[in-house]
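Below is one structure; the comments refer to it alone.
None of the figures in this text is laboratory data; all of them are computed from the coordinates on show. These numbers were taken from a predicted model, which means no experiment stands behind them. With ideal geometry, Cβ positions are generated from the backbone for all residues, glycine too; neighbour counts draw on all protein chains shown.
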Amino acid sequence: MSKLLILIVVVLGILAVAQLARVYELTSRLRGKREEDISAGDNRFNARMMWLFLPLYFGFFLWLVMAYGDKMLPVAASEHGAETDWLLDFNWWILIIVFVITNVLLFWFAGKYVYSKDRRAFWQPHNNKLELAWTVAPAAVLAVIIIYGLNTWASITSPASPDALQVELYARQFDWTARYPGADGGLGATDFRLINGTNPLGIVTRESVAGRLAELDKEIAATDSLLAHAILADAKVDELTDQVERMRRNKQRIINLRTLMENDIAEKGVASPYLHGADDIVIKEFHLPVRQEVKLLIRSQDVIHSAYIPHMRAQMNAVPGMTTTIKMVPTITTDSMRLITKNEVFDYILLCNKICGASHYNMQMPLVVTDAATHDAWYAEAMKKPFQAPAEAPAPPTSTPVDSSAVPVDSTAVAQVQQSH
Ligand SMILES: [Cu+2]
């Protein structure tokens, strides 16, 4: 009922406005005026408004800058971050200068050249000099921005020096894991086929290869015996047969990997990356020493993620199947940044900056930057800690419950998911 009343009121309102407009039209005609005639007074009023708008407009702009300027990120905490900020500020200044000049001219002229019966507009269909000026000037400015930008980009993305600290950041839905070289100073080789509960990053060592093969043998045997002895529906038999086939192919690939590993070890000796994995530190913490160059090696287990450390102005995609890198030199410790930001609980943070799934928003890890001595102490402590398997990532919602009795495989699931990509 009330809806009907509202509808009636709205319709009556529209009719009333239409009638008022008609009355205005008729009275104008009676006064001998055309509807589209605008009086000189109206024009002058609009012209003054254009001028009044100018200070209000720029006043609002300044107020925004002052009110919200401190919501930006604090000072860059890495060497290249300072360069990035310079580049961004340089662009901002050019934009602001152009913004002010064009808007002052626009509203100034709109107010100054108010309509006058006695003035004829100046008609200029073409002017080569003008065209040249407004083509060359922006082109020159753009060239400066691009050359400056390319230089900055080249210096940020140039290769890290050989003695840079190496840290691997491993992304998966939905968390980060860090890997530091152990006492031998080198990171070991990795292969996704070796990923299981105790080896979440798939580090390749003789032990992990043997362990994974034994695990697969056990799973194949269990599935084979299930097929031989259990009474199963045809569909289930097909499914398990497929599964066991996949496991056999997977096993063959790991045997190939073992051959590759042994050949590499025979060829390179202690330099082989296959000999460096055993003592790698796999850890759910991310610590860096201040003022030392670090090369981040970024990998992903499942989908494209992006390692983003906003306070360091550092970002690099994590792409399944390849290792991407970015280098940086942190310049401000966490403690100093707490003083700078006047925030006692400030922490640097590593975020995922690619929307990668339901818990993307929560995919983060704090970064702790300390002086070299404190870092060395942390590192020595971390080397002593045995690897702790991280809590399982939240499983994606499945519509059918998993029949755990008939599926003896779980750790291969990850490897199979990766194969299908
Ligand atoms: Cu992600």
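In summary, the lysines within cross-link reach of Lys342, defined as a Cα separation below 18 angstrom excluding same-chain residues under 8 places away, comprise Lys71. Find the centroid of the Cα atoms in the stretch 14-54 and in the stretch 349-375, then give the distance between the two in whole Å. Here the answer is 61 Å between Cα centres. Taking all pairs of distinct Cα atoms, average 1/r, flip it, and tell me the Kirkwood hydrodynamic radius of the chain in Å to one decimal place. After inverting the mean inverse Cα-Cα distance, the result is 28.5 Å. Projecting the Cα positions of Tyr274, Ile340, Ile254 onto the charge dipole of the stretch 235-358 (unit charges on Cβ atoms of Lys, Arg, Asp and Glu, taken about the Cα centre) puts Ile340 furthest along the positive direction.
Rounded to the nearest 20, the size of the Cβ-charge dipole of the stretch 77-194 about its Cα centre is 1080 debye, with Lys and Arg at +1 and Asp and Glu at -1. Among the GluC sites (Glu not before Pro) in the stretch 5-110, those located in a DSSP loop and surrounded by at most 10 other Cβ atoms within 10 Å of their own Cβ are Glu35, Glu36. Considering only Cα atoms, the convex hull volume of the stretch 265-319 works out to 149 Å³ per residue. The lysines whose alpha-carbon is closer than 19 Å to the alpha-carbon of Lys251, local same-chain residues fewer than 8 away aside, are Lys218.
For the stretch 304-392, trypsin sites (Lys or Arg not before Pro) are listed when DSSP marks them as loop and at most 12 other Cβ atoms sit within 10 Å of their Cβ; the list is Lys342. Sorted on the mean count of surrounding Cβ atoms within 10 Å across their residues, most packed first, peptides 37-47, 283-293, 257-267 read 283-293, 257-267, 37-47. Judged by the mean number of other Cβ atoms found within 10 Å, the most tightly packed of the peptides 247-254, 274-281, 154-161 leads the ranking 274-281, 247-254, 154-161. I'd like the distance between the alpha-carbon centres of the stretch 78-92 and the stretch 295-328, rounded to an integer number of Å. Cα centroid of the stretch 78-92 versus Cα centroid of the stretch 295-328: 20 Å apart. Once the Cα atoms are used to define both axes, helix 206-229 deviates from the longest principal axis of the chain by about 80 degrees.
Rounded, prolate or oblate, given the Cα gyration tensor of the stretch 196-265, with a/c below 1.5 counting as rounded?
Prolate is the answer for the stretch 196-265, as a/c is 1.5 or above and a/b outweighs b/c.
Counting only Cα atoms, I'd like the Rg/Rh figure for the stretch 269-378, Kirkwood definition for Rh.
With Rh from the inverse mean 1/r over Cα pairs, Rg/Rh is 1.00.
Binning the alpha carbon pair distances of the stretch 211-345 at 10 angstrom intervals from zero yields the distribution 9, 21, 25, 20, 14, 8, 3, expressed in whole percent.
Grouping the Cα pair distances of the stretch 110-265 into 10 Å bins from zero gives a pair-distance distribution of 8, 18, 18, 13, 10, 9, 8, 8, 7, 2, 0 percent in increasing distance order. Note that the stretch 287-351, at 20 °C in a medium of 1.002 mPa s, gets a Stokes-Einstein diffusion coefficient of 165 µm²/s from its Kirkwood radius over C-alpha pairs. Applied to the stretch 322-328, the Karplus parametrisation 6.51 cos²θ - 1.76 cosθ + 1.60 on θ = phi - 60° returns per-residue 3J(HN,Hα) values of 8, 10, 9, 9, 8, 10, 7 Hz, with x for Gly and Pro. Across the options Trp134, Ala171, Tyr115, the greatest Cα extent toward the positive end of the charge dipole of the chain (unit charges at beta carbon of Lys, Arg, Asp, Glu) belongs to Tyr115.
Peptides 329-335, 85-91, 227-233, 212-218, ordered by how many other C-beta atoms sit within 10 Å of their residues on average, highest first, read 329-335, 212-218, 85-91, 227-233. Give the average over all directions of the projected area of the C-alpha convex hull of the stretch 1-93, one decimal, in nm². Hull-based average projected area comes out at 13.6 nm². Going by neighbour counts of Cβ atoms within 10 Å, the residues Trp93, Trp378 line up, fewest first, as Trp93, Trp378.
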